[in-house]
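Peer 1: First the structure, which I've put down as structure tokens, then a few questions once you've had a look.
The values are calculated or read from the model by the stated rules, or taken from the named source; none is laboratory data. A quick note: this is a predicted structure, and the numbers were derived from the prediction, not measured. Every residue, glycine among them, receives a Cβ derived from its backbone with ideal geometry; neighbour counts consider all protein chains shown.
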Amino acid sequence: MYLIWKILHVIGVVLFLGNIITGVFWAYHADRARDPRIIAHAFEGISRSDRWFTMPGVILLTVAGLAAAMSGGFPILRTGWIFWGLVLLILSGLTFMFFVAPLQRKISALAHAGSTGQFDSARYDSLRRSWALWGSIATLAPLAAVVLMVLKPILPAL
């Protein structure tokens, strides 16, 4: 069972990280256009793909990862690379929930409003910079967790 859970865990990681990184690509692609209609469309698509790919990926990688650890005999909170991988995943999730997702909604709403009237470029640039900062944290944390999962360094745990 360990290998089946491990494969499912890796599939969840691919869905999760693949969608996050693809979202960054589409955000920067829309940003270059400076067209509020394109920006609104891109950020709506990013939010929709988060619901279809990122969130199911998180669920799959978490459930399958914990099941793999248990079936493989790894004490989850006493195995450093698992413990810190979970900490990084939680950091990513909290950053996404409290900063990235609300910023995506604000950017989308601002772009929608700008597509029918005057586009507030200064406000958009400010929101985009915040989105890039918080999005970097939400992306780099799980990438660091992948490094821990692959390298399995000896780290302190609970």
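Peer 1: How many residues does region 43-64 hold that are within 13 Å of the chain's Cα centre (by Cα) and among the β-branched types (Val, Ile, Thr)?
Peer 2: Looking only at that region, the number is 4.
Peer 1: When both residues are 6+ apart or on different chains and their Cβ atoms are under 9 Å apart, which pairs have a first residue that lies in region 1-19 and is farther than 14 Å from MET149 by Cα and small (Gly, Ala, Ser), and a second that is modelled with pLDDT of 95 or more and surrounded by 14 or more Cβ atoms within 10 Å (Cβ to Cβ)?
Peer 2: GLY18/PHE53; GLY18/GLY57
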